[in-house]
Amino acid sequence: MSLSKRAKEVSPSATLQITATANRMVREGKDVIAFGAGEPDFDTPDVIKGAAIKAIQDGFTKYTPTSGIPELKEAISKKLKKDNRLDYPASSIIVSCGAKHSLYNVLQVLVEKGVEVLIPVPFWVSYPEMVKLAGGKAVFVRTSVKDDFKINPKTLEKYFTKKTKILILNSPSNPCGVVYRRDELEAIADFCVKHNIICISDEIYEKIIFDGIEHVSIASLSDRMKKLTVTVNGFSKSYSMTGWRLGYLAAEPEIVGAVSNLQDHSTSNPVSFAQKAALSAFTLGDDFFKNIAKKFQERRDVIISRLDKMKGRLGYKKPEGAFYIFCDISKTRMDSFTFAKRLLEERQVALIPGAPFGCDDYVRLSFATSMEKINKGFDRIEEWVAKL
Ligand code: PMP
Ligand code: GLU
């Protein structure tokens, strides 16, 4: 048997693999502290669960339109207007089986051989693989800690060629919690408009944002930029619905039409009753998000105070959003896989190596876990790192 070239080229997801290994160790009774999880640790709210149960009991269990039920698309359209100052009619929205699905599909319809896609480093592990699967070339835009891991037009110009068609932007970002400010986005938008670059804006962590910082959608900056943007979002992180597989994108009609055709012939609609459940999620008010962001911020602050106590042995940049901290391990003189493997074997603490995010001298810790586990995990890390 011979696999296709593209199947051979794609690598497994480090985030999903390591999380699965840590979970297995916990099930086996091992005292593992897991900082790997890329999902909120709180339960899906009852109102959402109840709506799904009711939908099943009402028999809402058949195919729906591929792009989602009209009432959910209307609700997303209203949300985009209220939260993001974006005017997308329901017809410009496609509901999918997760933000990952929307990102994959939009890259499939926009990328072909020879197309270059700008990806700021560090990046979420799936972006380069998705670009590869679409036949394109991922071009990694290096950033520095000095620039807070942020891209700007000057750096982007260095990587721009005649083949550049797309920029993937992720704010708040996974893995380093970077949040772009309005003026920084305006500068990036100018670059996109100047070169006619499509911006795929992954806003999945928009509600997990700290220190009162405002989330700005790049598409809201001008009509021209909106035409060039594909806004991607979903229910996984905001509502702790990772397992429900529900996301969406909003874009210009041409892109939406192509993605809809692709979904028609691949997944069809996202799960019918999960869509009804997602509709009920919009009844949760701003206090719901404030509460969650506050909890994550408290955890971030504890982690930072623990790292500060370690006298610079592990470096970091303070995350402003999402629920990850990206730690510089260069002083340990280990590569990120060795660091993660040894820490798991020697102290039963699981975290994700930085290499799959494009930075081999970093590791990613998720703080989607309890304060108790954070402190216990850091007791172990502190003691282990001090002995290295
Ligand atoms: N984008 C980023 C940056 C992520 O970290 C994730 C992780 N799940 C996703 C997209 C995909 O989310 P979903 O569960 O909606 O597919
Ligand atoms: N996005 C999460 C993470 O980065 C979940 C796992 C995944 O989909 O990659 O850990």
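Laboratory data are not the source of any read-out in this text; all were calculated from the coordinates shown. All values reported here derive from a predicted model rather than from experimental measurement. Quick reminder, even Gly has a Cβ in these numbers, built from the backbone with ideal geometry, and neighbours come from all protein chains shown.
A few points about this structure:
- Under the Debye formula (equal points on every Cα, no solvent term), log10 I(q)/I(0) of the stretch 9-101 at q = 0.11, 0.22 Å⁻¹: -0.59, -1.12
- In a reduced charge model with +1 at each Lys and Arg Cβ and -1 at each Asp and Glu Cβ, the chain shows a dipole moment near 700 debye about its Cα centre.
- Among 46-58, 242-254, 93-105, sorting by the average number of other beta carbon atoms lying within 10 angstrom of each residue, highest first, gives 93-105, 242-254, 46-58.
- Computed Kirkwood radius, in angstrom, where 1/r is averaged over Cα pairs of the chain: 21.6 Å
- Loop-located GluC sites (Glu not before Pro) across the stretch 160-214 with a Cβ neighbour count of 16 or fewer within 10 Å are Glu214, with loop assigned by DSSP.
- The stretch 298-321 residues near the modelled Asn375 label - backbone nitrogen below 13 Å, point 7 Å along Cα→Cβ: 299, 302-303, 306
- Peptides 15-28, 327-340, 167-180 ordered by average Cβ neighbours within 10 Å, highest first: 167-180, 327-340, 15-28
- One way to sum up the overall shape of the stretch 185-269 is the equivalent ellipsoid from its Cα gyration tensor, whose semi-axes run 24, 21, 7 Å, largest first.
- Segment Thr283..Glu71, full-extension length gain: 75.0 nm, with 0.36 nm per residue of separation and the alpha-carbon distance subtracted.
- Applying both filters, DSSP loop and at most 13 other Cβ atoms within 10 Å, to the GluC sites (Glu not before Pro) of the stretch 103-137 gives Glu112.
- Beta bridges by DSSP in the stretch 185-324, antiparallel share as percent, to the nearest 5: 55 percent
- For Gly234, the amide hydrogen comes within under 5 Å of the amide hydrogens of Tyr248, counting only partners 5 or more places away or on other chains and with H modelled in the peptide plane.
- Packing-based order for 261-269, 316-324, using average beta carbon neighbours within 10 Å, highest first: 316-324, 261-269
- Taking the DSSP beta bridges with both ends in the chain, the antiparallel portion is around 50 percent.
- Cα-based shape type of the stretch 147-191, given that a ≥ b ≥ c are square roots of the gyration tensor eigenvalues and the cut on a/c is 1.5: prolate
- 222 nm mean residue ellipticity, helices alone, for the chain (DSSP H n ≥ 4; -39,500 (n - 2.57); rounded to 500): -13500 deg cm²/dmol
- Extending 7 Å from Cα along the Cβ direction at Lys317 and again at Lys81 yields two label points whose distance is 3.7 nm.
- Pairs from Lys82/Lys207; Lys100/Lys373; Lys132/Lys162; Lys49/Lys376; Lys237/Lys276 whose Cα-Cα separation, in the structure shown, is over 22 Å: Lys100/Lys373; Lys49/Lys376
- Each residue, Gln17 and Leu388, gets one label point 7 Å from its Cα in the Cβ direction; the gap between the two is 2.1 nm.
- Of Ser13, Ile94, Ile33, farthest towards positive along the dipole that unit charges on Lys, Arg, Asp, Glu beta carbons give the stretch 1-112: Ile94
- Volume per residue of the convex hull around the Cα atoms, evaluated for the stretch 74-176, comes out as 125 Å³.
- Beta bridges per DSSP with both ends in the stretch 165-268, % antiparallel, nearest 5: 30 percent
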